[in-house]
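Chemist: Let me begin by handing over the structure; questions about it come next.
The values are calculated or read from the model by the stated rules, or taken from the named source; none is laboratory data. Computed from a predicted model, the values in this text were never measured in an experiment. Here the Cβ positions follow ideal geometry from the backbone for every residue, glycine too, while neighbour counts run over all protein chains shown.
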Amino acid sequence: MGYTKYSDGTETHNAEGHDKKFDHYEDNDAKYICTKCKHMWTVKNARKVGGGCFAAGTKIMLPTRELKNIEEIQLGEEILAYNIETESFENKVVNMIYFKRGYNEMADVELSNGNILTMTLGHPLLTAQGWKSLDLENSNFEHGVQGATLLSVGDMLIGYDKPVMVNNINIYPVDKDYIVYCLGVDGYHNFIANDIIVHNALYA
Ligand SMILES: [Zn+2]
């Protein structure tokens, strides 16, 4: 069936046409699920893969400028990404999908465009002063973003069509089974979530 099990308990799943989603960590073990047959397996002592993430329902911008919920985005699908060098938008392929459990708290970042971005604290958002987040250690650890600075009320984020101000930040506890979602984007390592440019997963 395309599974291999090793003596240390590690499994692999290589069925043709089947894609894996990262699910969550238990201790140092990474859990994966097949998007097709729903088989779940474990990679022992995996290095922590990246991806602080967003709540279900976060709106991702597609090349058509239509919006799609993050949990419905498919591997291989094109979404809109931001070219920081040319300050323009380009279509890029989603090359990794994560969903993850085990976070203790989430943040609601309330924006002047009326949107609320519900995210893990380490998720970097793009501003004119570079990447900012609410947890600088995890911005580095989970996203590979070094030199991020602390996100604060009043910061101006780079939005899809105009700058967007952070009006308020609420941090609150969540259940350990709360699921968050993240994407890896080929090339530019960012995407547009609720009209804001956000960093992608670490190993994309
Ligand atoms: Zn499968």
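Chemist: How many of the residues making up region 84-105 are touching a strand residue (DSSP E or B) at 6+ places or on another chain (Cβ under 6 Å) and modelled with pLDDT of 90 or more?
Modeler: Selection size over region 84-105: 5.
Chemist: A further question follows. Yes or no: E71 surrounded by 15 or more Cβ atoms within 10 Å (Cβ to Cβ) and within 16 Å of the ligand (Cβ to nearest atom)?
Modeler: Against the criterion (surrounded by 15 or more Cβ atoms within 10 Å (Cβ to Cβ) and within 16 Å of the ligand (Cβ to nearest atom)), E71 does not qualify.
Chemist: Could I ask something else about it? Anything in region 126-143 that is over 20 Å from N83 (Cα atoms) and among the aromatic types (F, W, Y)? List them, or say none.
Modeler: F141
Chemist: Residues being more than 14 Å from the ligand (Cβ to nearest atom), assigned to a strand (DSSP E or B) and either closer than 22 Å to L183 by Cβ or modelled with pLDDT of 75 or more (or both): count how many of those fall in region 1-28. Lay out the reasoning, then the answer.
Modeler: Restricting attention to region 1-28, the residues satisfying the condition of being more than 14 Å from the ligand (Cβ to nearest atom) are 5-10, 22, 24-28.
Pick out the ones that are also assigned to a strand (DSSP E or B) and you get 5, 22, 24-26.
Next, from what is left, pick out any that are either closer than 22 Å to L183 by Cβ or modelled with pLDDT of 75 or more (or both): 5, 22, 24-25.
Selection size over region 1-28: 4.
Chemist: Which of the strands (runs of 3 or more DSSP E) found entirely inside region 116-204 contain at least 2 residues meeting this: at pLDDT below 90 and crowded, with 23+ Cβ neighbours inside 10 Å?
Modeler: Here the list reads 180-185, 196-199.
Chemist: Still on this structure, please answer the following. Condition (residue is more than 16 Å from the ligand (Cβ to nearest atom), of a type in the set (D, E) and not in a loop (DSSP other than H, G, I, E, B)) applied to region 78-95: is it met by at least one residue? Reasoning before the result, please.
Modeler: The first filter runs over region 78-95 and keeps only residues more than 16 Å from the ligand (Cβ to nearest atom), leaving 78-95.
So of that shortlist, the ones also of a type in the set (D, E) come out as 78, 85, 87, 90.
Cutting the leftovers down to not in a loop (DSSP other than H, G, I, E, B) gives us 78, 90.
Yes, there is a match, as at least one residue in region 78-95 is more than 16 Å from the ligand (Cβ to nearest atom), of a type in the set (D, E) and not in a loop (DSSP other than H, G, I, E, B).
Chemist: Limited to region 29-46, what total is found for residues that are among the aromatic types (F, W, Y) and modelled with pLDDT under 75?
Modeler: Qualifying residue count, region 29-46: 0.
Chemist: State all residues of region 91-102 that are surrounded by fewer than 20 Cβ atoms within 10 Å (Cβ to Cβ) and of a type outside the set (A, V, I, L, M, F, W, C); if no residue qualifies, say none.
Modeler: N91, N95, R101, G102
Chemist: Are any residues in region 96-133 touching a residue at least 60 places away in the same chain (Cβ under 8 Å) and β-branched (V, I, T), and if so, which ones?
Modeler: Passing the criteria: I97, V109, I116, T118, T120.
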